[in-house]
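Asks: Before anything else, here's the structure in question.
Nothing in this text is a laboratory measurement; each read-out follows from the coordinates by a stated rule. Quantities reported herein were computed from a predicted structural model and do not represent experimental measurements. No Cβ is skipped: glycine too gets one built from the backbone with ideal geometry, and neighbour counts run over all protein chains shown.
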Amino acid sequence: MRKKNCTGAKALIDTLTNAGIDTCFTNPGTSEMHFVAALDDSNMRAVLTLFEGVATGAADGYARIAERPAATMLHLGCGLGNGLANLHNARKAIVPIVNIVGDHATYHTQYDSQLQSDIETVARNVSKWVRTTQETYRIGSDAAEAIKVAQGTPSQISTLILPADVSWGEGGTAGTDFSQPIPEIASEAVVDNIADVLKKSGKKTALLLGRRVLLEDGLMAASKIAEKTGAKLLAEVFPTRLQRGAGLPNVERLAYLAEMASVQLNEFDHLILIDAKAPVSFFAYPRKKSYLVPDGCKLHSLIEPNQDALKSMEALVEAVGAKHSTPKLQKAKRPNLPSGKLNAEKIAQSVGALLPENAIISDEAQTSGLKLPSCTRGSPKHDLLTLTGGAIGQGLPVAIGAAVAGKNRPVLALIGDGSSMYTIQSLWTIVAEQLDVTTVIFNNGSYAVLNIELERVGAKKAGPKARAQLDISKPEIDFVSIAKGMGMPAERARTAEEFNAALDNAFQNPGPHLIDAIVPSEYEGFKLKALPYLLSSLDKIPNPIAKAIKKKMAP
């Protein structure tokens, strides 16, 4: 049967849908109008965003839940550039995304018009695969190659650049070949060596779990190994997607602050990486270590990035004789609803008490979310999505993509006030698509995490100009008015009782909601000043005491 010729735009959309990519987050311009027009004759769901960083972050959130790519449609190099921060987060999350970026017509580029730029150079910052299609007949095959790279092992970001005349030209045919090689598992020698470490070394050992083994099957396998061998289970600092809650093994995440992570790690003689990297400090600090693997601790890695993580872990279960071991599961337990003046810990308690079954949490609460893990570990099963690349402004867009992929699953976005303003346009898309997303803004009028960093890096004493760069309280941001201005129901909470009622209402009435939670900063005044000294002392005091301090501050 002959393939049907069509416009390049039509061939592109058909190639995407042939591969099962049926969702595109868009922020189009003139060069993409033929793609936009072709949407009407397709099965592609197009979700309009008002800023490119929302589109790219939403594609990230979609891929985390759907476990397949979404597409983005972006306008020229400037549009791609606006989306780079959340593409950086997606690259660190190791999720598949296919970016479609329009370009000027091939014959128009010679004139260096106002929006002309080097799109390929911009794309290479975040993309494993980049190509500009120069002829219409190549669109189908180029798009199929982009999809195959994105959906490979490991997952990647692909960027396909389409000049306008290639899109509107005739002679396109849709791609249909998306075949993938079957990834190998870890070699028998590697598995046996790690099994010997776990069974025979007699030393303290930890498994550091990452990207693909933090879902239920991987957690169950890891817990079997831990129960058989006595190994400690740890998860990377900012997991792409962590399934947790009652009925699942509870895994302790490494702390963001390097001093606290060192407290968690310094007792171990062996650290086994399973789809995770060796832990390092987020930033360099004067007179502090960047590489957090303890001196004398031997590092082992079960898999290479292109290998099958879950099957390799299952082979390790067999090798240590844990196939019939019973994993240790978290019991159902919720905190009581809090009362009194609202603070971040009480919000975490309320979330733990009210979180519905099968929810998705997009967590960008920054310093305000420190107590969330301990308050939700016994809540009903849920997915946790975190800030994988550290570029703030991810939480709201990721919530959009997760809600689209999760269909009827409730999504809770926990967002710092400063980071929310990077992609506040997300609220409009949530309303336009009528997504079941409840947004909680931790409103403390500050870039609180940067106040901590200012103290930790040892900068000279901050004066009024320096402090003003971290203060967003003047003028005060009225998130209720912003949300209502985009058509979203919103209310402000200053007490725990007000917050409990607002959160319960949002969960009982699915759809868009925003709660502007007025809370004090977790670290301010003397507590903020004392923090660097406390952190610096952790490696000088007995480890049990250091662990107790860490647990108190970041359980």
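Asks: Give the peptides 49-59, 319-329, 118-128, 360-370 in descending order of average Cβ contacts within 10 Å, highest first.
Replies: By packing density, highest mean first, the sequence is 49-59, 360-370, 118-128, 319-329.
Asks: Also, quick follow-up: Going by a ≥ b ≥ c, the root eigenvalues of the Cα gyration tensor, does region 247-367 fall in the rounded group (a/c under 1.5), the prolate group (a/b larger than b/c) or the oblate group? Can you show the working numbers first?
Replies: On the way: a/c = 2.31, a/b = 1.26, b/c = 1.84.
Oblate.
Asks: Need the list of aspartates and glutamates near Lys484 for cross-linking: C-alpha distance under 19 angstrom, and skip anything on the same chain fewer than eight residues off.
Replies: Partners within reach: Asp417, Glu433, Asp436, Glu476, Glu498, Asp516.
Asks: Moving on. For Pro327, what is the net charge nearby, where nearby means another residue's Cβ is under 9 Å from its Cβ and Lys, Arg count +1, Asp, Glu -1?
Replies: That works out to +1.
Asks: Separate question: May I ask you to order 246-256, 293-303, 393-403 by the average number of other C-beta atoms within 10 Å around their residues, highest value first?
Replies: 393-403, 246-256, 293-303
Asks: What does the charge count near Gly230 come to, summing +1 for each Lys or Arg and -1 for each Asp or Glu among other residues with Cβ under 11 Å from its Cβ? Mind showing how you got there, number by number?
Replies: Details: positive: Lys199, Lys203, Lys204, Lys228, Lys232; negative: Glu227.
Neighbour charge sum, excluding Gly230 itself: +4.
Asks: Run the helix sum for the chain: -39,500 (n - 2.57) per DSSP H stretch of 4+ residues, divided by residue count, reported at 222 nm to the nearest 500 deg cm²/dmol. Walk me through the numbers before you get to the answer.
Replies: On the way: 23 runs with 215 residues, N = 555.
Rounded to the nearest 500, the figure is -11000 deg cm²/dmol.
Asks: A follow-up question, please. Net charge near Ile97: determine it from the other residues with C-beta under 12 Å of the C-beta of Ile97, scoring Lys and Arg +1 and Asp and Glu -1.
Replies: +3
Asks: OK, next. Could you sort out which of Lys128/Lys224; Lys371/Lys540; Lys341/Lys550; Lys277/Lys540; Lys323/Lys407; Lys232/Lys288 sit more than 31 Å apart by Cα distance in this structure?
Replies: Checking Cα-Cα distances, Lys128/Lys224; Lys323/Lys407 exceed 31 Å.
Asks: Rounded, prolate or oblate: which one fits region 189-306, using the alpha carbon gyration tensor with axes a ≥ b ≥ c (rounded when a/c is under 1.5, else prolate when a/b beats b/c, else oblate)?
Replies: Cα axes put region 189-306 in the oblate bin.
Asks: Counting only DSSP beta bridges with both residues in region 6-172, what percent are antiparallel, rounded to the nearest 5?
Replies: About 5 percent, rounded to the nearest 5.
Asks: Identify all aspartates and glutamates with a Cα-Cα distance to Lys228 below 19 Å; exclude those on the same chain that are fewer than 8 residues away in sequence.
Replies: Qualifying aspartates and glutamates at Cα under 19 Å: Asp192, Asp196, Glu216, Asp217, Glu252, Asp269, Glu314, Glu318.
Asks: Here is a follow-up. Per the Debye formula with a single identical scatterer at each Cα and no solvent contribution, what log10 I(q)/I(0) holds for region 1-102 at q = 0.10, 0.19 Å⁻¹?
Replies: Here log10 of I(q) over I(0) equals -0.25, -0.87.
Asks: Applying a 10 Å radius around every beta-carbon, put 333-342, 9-18 in order of their mean neighbour count, most first.
Replies: Descending packing order for the listed peptides: 9-18, 333-342.
Asks: Angle between the Cα long axis of helix 344-354 and the longest principal axis of the chain, 0 to 90 degrees, nearest 10?
Replies: Tilt of helix 344-354: around 70 degrees.
Asks: With charges set only on the Cβ (+1 for Lys and Arg, -1 for Asp and Glu), what does the dipole of the chain come to about its Cα centre, in debye to the nearest 20? Can you show the working numbers first?
Replies: Working: 60 positive and 57 negative charges, 476 e Å.
Computed charge dipole of the chain: roughly 2280 debye.
Asks: Straight-line reach from Lys474: which lysines have Cα under 18 Å away, leaving out those fewer than 8 places along the same chain?
Replies: Once the sequence-local lysines are set aside, what remains near Lys474 is Lys465.
Asks: With an 8 Å cut-off on Cα pairs and a minimum separation of 6 or more residues, tell me the relative contact order of the chain in percent. Provide the component values of the computation, followed by the final result.
Replies: Details: 1262 pairs, mean separation 79.5, N = 555.
Result for the chain is 14 percent.
Asks: Can you bin region 468-510 into rounded, prolate or oblate? Criterion: square roots of the alpha carbon gyration tensor eigenvalues sorted a ≥ b ≥ c, rounded for a/c under 1.5, prolate for a/b above b/c, oblate for the rest.
Replies: oblate
Asks: While we're here: Please provide three numbers in whole Å: the alpha-carbon extents of region 179-258 along the principal axes, with the largest listed first.
Replies: 44, 32, 30
Asks: Please list the equivalent ellipsoid semi-axes of region 344-523, computed as the square roots of five times the alpha-carbon gyration tensor eigenvalues, in descending order and whole angstrom. Before the final figure, lay out the partial values.
Replies: Working: eigenvalues 141, 62, 48 Å².
Here the semi-axes work out to 27, 18, 16 Å.
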